[in-house]
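Written below as structure tokens is the structure these notes are about.
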Amino acid sequence: MTPREVSDFVTEFRRLVARVVEDHDGVIDKFMGDAAMVLFTEPDMPQQAAMNGLNCAVALNATMQEWSTARTRSHNAPVDAGIGLHFGAVFSGVVGDETRLEYSVFGDTVNVAARL
């Protein structure tokens, strides 16, 4: 892809992911290139958080397949996306110093999820 095509591709990917995540009460922790770390938090109802994550994964898979089909019809390369899920406790909060603060999540659950 040309630099412009890569920019357009990643921008569209992020737009689609953000829409699906929002529809399932998720929060995007961060985008990392063409990947996203998404959280589902329901502190008093962990089963609901897990269900939101599962439903989001199903919807995101369908969205990526539809996008891939549309790209193929337009003579562009198809999209091949993987989705990993993990459930468990995390530390979440703002970390850093006075020059750079950022919200992030940490812990074994996050590490496993990132590798899925």
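The values are calculated or read from the model by the stated rules, or taken from the named source; none is laboratory data. All values derive from a computational prediction rather than experimental measurement. Methodologically, a virtual Cβ is constructed for each residue, glycine included, from the backbone with ideal geometry; neighbour enumeration extends over all protein chains shown. Note: areas computed on protein heavy atoms with side chains; ligands, DNA, RNA excluded. Shrake-Rupley method; radii C 1.70, N 1.55, O 1.52, S 1.80 Å.
Taking θ as phi - 60°, what are the ³J(HN,Hα) couplings along the range 16-28 by the Karplus curve (6.51, -1.76, 1.60), each to the nearest whole Hz, with x for Gly and Pro?
5, 4, 4, 5, 5, 4, 4, 5, 10, 6, x, 10, 7
Would you pull out the residues with amide H under 5 Å of Val38's amide H, same chain only if 5 or more places away, H placed 1.01 Å from N?
Amide H neighbours of Val38, under 5 Å, 5+ apart: Asp29.
Using the basic label-point model (7 angstrom from Cα toward the beta carbon), what is the Ala62 to Asp34 distance in nanometres?
So the label points at Ala62 and Asp34 sit 2.4 nm apart.
Under a Cβ-only charge scheme (Lys and Arg +1, Asp and Glu -1), can you give me the dipole magnitude of the chain about the Cα centre, in debye to the nearest 20?
420 debye
Which net charge results for the neighbourhood of Asp34, defined as the other residues with beta-carbon distances under 12 angstrom from its beta-carbon, given Lys and Arg at +1 and Asp and Glu at -1? Mind dumping the intermediate values first?
Details: positive: Arg14; negative: Glu12, Asp80.
Neighbourhood net charge equals -1.
For a label point 7 Å from the Cα of Tyr103 along Cα→C-beta, name the residues of the range 47-82 whose backbone N is under 19 Å from it.
Answer for this model: 49-50, 52-53.
Taking the structure as given and computing percent of Cα pairs over 18 Å apart, which label from (i) 45; (ii) 56; (iii) 66 fits?
The value computed from this structure is option (ii).
Of the GluC sites (Glu not before Pro) in the range 16-110, which ones lie in a loop per DSSP and count no more than 16 other C-beta atoms within 10 Å? Could you put the intermediate results ahead of the total?
Working: sites: Glu22, Glu66, Glu98, Glu102; in loops: Glu98.
Those satisfying the criteria are Glu98.
Would you work out the relative contact order for the chain, in percent, from Cα pairs under 8 angstrom that are 6 or more residues apart?
17 percent
Give me the percent of accessible area attributable to carbon and sulfur for the chain, probe 1.4 angstrom. Show your work: numbers first, answer last.
Details: 4300 of 8010 Å².
Percent of accessible area from carbon and sulfur atoms in the chain: 54.
For the chain, with every protein chain kept in place, what is the accessible area per residue (1.4 Å probe, Å²)?
On the way: 8010 Å² over 116 residues.
Heavy-atom SASA per residue in the chain reads 69 Å².
When the Karplus curve 6.51 cos²θ - 1.76 cosθ + 1.60 is applied with θ = phi - 60°, which whole-Hz ³J(HN,Hα) does each residue of the range 65-71 get, with x for Gly and Pro?
Here the 3J(HN,Hα) series is 5, 5, 4, 4, 4, 5, 5 Hz.
With an 8 Å Cα cut-off and a minimum separation of 6 or more residues, compute the relative contact order for the range 1-47 in percent.
About 26 percent, as a whole number.
With each label point set 7 Å from Cα along the Cα-Cβ vector, what nm distance links Asn111 and Asp80?
Here the answer is 2.9 nm between the modelled labels.
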